[in-house]
Every structure is written in structure tokens, then in C-alpha cells.
């Protein structure tokens, strides 16, 4: 069995795309997932599956959600090694003491031509970012809600991205280890 982390984007936000976590567990189990655990309503799940292809698993899960609930969410499914690597390669370890200010944007694919110049131009003096293989790290001490950089990152990278703060990333990793 392979261990996977599913990161959902834009579910349970403002009453739209409602996907209660108990329903998510049932749907995952229905497509063969085992040992399913979820964390907070924004859509984080850890599970095991015999499926070897995370992209295929993501497509299957999204189609099943559409069939049952009428909408098809964006789902990024990562293998255990991807999240371990993202944690180990955090370029801003000093920011871990304020986990709500450190965000990891998990990328759906590698950006072909990211507009790094524009990203730098949007950055506040207090903000720092680093683009690595599969992850966009953002340290935003004043909060991502007020950050023009955070609001524009996905568009300027040109690839789908789903963002999690450091606390959530660590909690998901803790769930994997349980």
C-alpha cells in the first residue's frame, strides 16, 4: 500500500462546494482507500491505496465527487516522499515559530515560464518567497490575506497550486506518522 496526502482546493468556502469530511472518508473508502484520516474542513486527507499513480487517483476521486455531489474539485495528491521533502527543504526555518505566517503552495506541475520578476515586484519588504521543485514557499509575517504576492502567485506561476500554512503541513505529517 502507498501512503498519499490529498490536498483539496476551494471546498467548504463560503457555503460553496460543500464536502463534509465524513462524506470524503466514505468516498475515499469507496474507491479503495484505507486508513483514511482528515484534517480540518478545508480538505486535507491522509490515506493508503494500492494505486501507484497519484494523478490517476486524483482524477478518479474528483470524478467520484462530481458524480455524488455535483461538483469537481481540484485535488492534488502527493506521495509521502513529496511532503517529507517539502518539510525538509523549508528555506525559512526561523519562520516555523509563527506557523500561520509560513505557507507552502503545492504545485500541480512544474512552471514552464514563471514570472519571477512580477512576483518580486509584488512582494512587501517583510515578505520572502522561494520557488523549488513542486513547492512555492512564502513567508508573509503580515499575513497572506493582505499580501498582493500571495493573491497573484498561482497566476504568475502559470500552474495550479493549493496552499497550506506550516501548522497544517505539520499536522498532516503527524497524521501520516500515527
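Inspection of the stretch 103-114 identifies no residue that is on the phi > 0 side of the Ramachandran plot and modelled with pLDDT under 95.
Against the condition in a helix (DSSP H, G or I) and either in contact with a strand residue (DSSP E or B) (Cβ under 9 Å, 6 or more places away or on another chain) or assigned by TED's automatic domain parsing to the domain that holds residue 150 (or both), how does residue 59 come out, does it pass? Taking the combined requirement at face value, the residue satisfies it.
Identify all residues within the stretch 1-50 that are assigned to a strand (DSSP E or B), over 20 Å from residue 86 (Cα atoms) and without any contact (Cβ under 8 Å) to a residue 60 or more places away in the chain; write none if there are none.
So the first thing to find is which residues in the stretch 1-50 are assigned to a strand (DSSP E or B), and the list is 2-9, 13, 16, 34-39, 44-49.
Applying the additional criterion that residues be over 20 Å from residue 86 (Cα atoms) yields 13, 16, 34-37, 49.
Answer for the stretch 1-50, where residues must be assigned to a strand (DSSP E or B), over 20 Å from residue 86 (Cα atoms) and without any contact (Cβ under 8 Å) to a residue 60 or more places away in the chain: 13, 16, 34, 35, 36, 49.
With respect to the conditions (1) in contact with a helix residue (DSSP H, G or I) (Cβ under 9 Å, 6 or more places away or on another chain); (2) outside the structural domain of residue 27 (by TED's automatic domain parsing), residue 78 falls short on a single one, namely (2).
Could you tell me whether the stretch 94-114 includes any residue that is without any contact (Cβ under 8 Å) to a residue 40 or more places away in the chain, outside the structural domain of residue 52 (by TED's automatic domain parsing) and assigned to a helix (DSSP H, G or I)? There is at least one residue in the stretch 94-114 that is without any contact (Cβ under 8 Å) to a residue 40 or more places away in the chain, outside the structural domain of residue 52 (by TED's automatic domain parsing) and assigned to a helix (DSSP H, G or I).
Cβ-Cβ contacts under 8 Å between residues 6 or more apart (or on different chains), taken from a first residue in the stretch 51-63 that is surrounded by 17 or more Cβ atoms within 10 Å (Cβ to Cβ) to a second residue that is in a helix (DSSP H, G or I), are listed as 51/57; 51/60; 61/27; 61/28.
Yes or no, residue by residue, for (1) assigned by TED's automatic domain parsing to the domain that holds residue 40; (2) over 13 Å from the mean Cα position of the chain (by Cα); (3) crowded, with 16+ Cβ neighbours inside 10 Å; (4) over 15 Å from residue 118 (Cα atoms):
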| site | (1), (2), (3), (4) |
| --- | --- |
| 137 | no, no, yes, yes |
| 140 | no, yes, yes, yes |
| 144 | no, yes, yes, yes |
| 152 | no, yes, no, no |
| 166 | no, no, yes, yes |
| 169 | no, no, yes, yes |
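In the set (1) surrounded by 14 or more Cβ atoms within 10 Å (Cβ to Cβ); (2) part of a helix (DSSP H, G or I); (3) modelled with pLDDT of 95 or more, the condition left unmet by residue 131 is number (2).
The values are calculated or read from the model by the stated rules, or taken from the named source; none is laboratory data. Only a predicted model underlies this, so the values are computations on that prediction, with no experimental measurement involved. Note that each Cβ is placed from the backbone with ideal geometry, even for glycine, and that neighbours are counted across all protein chains shown.
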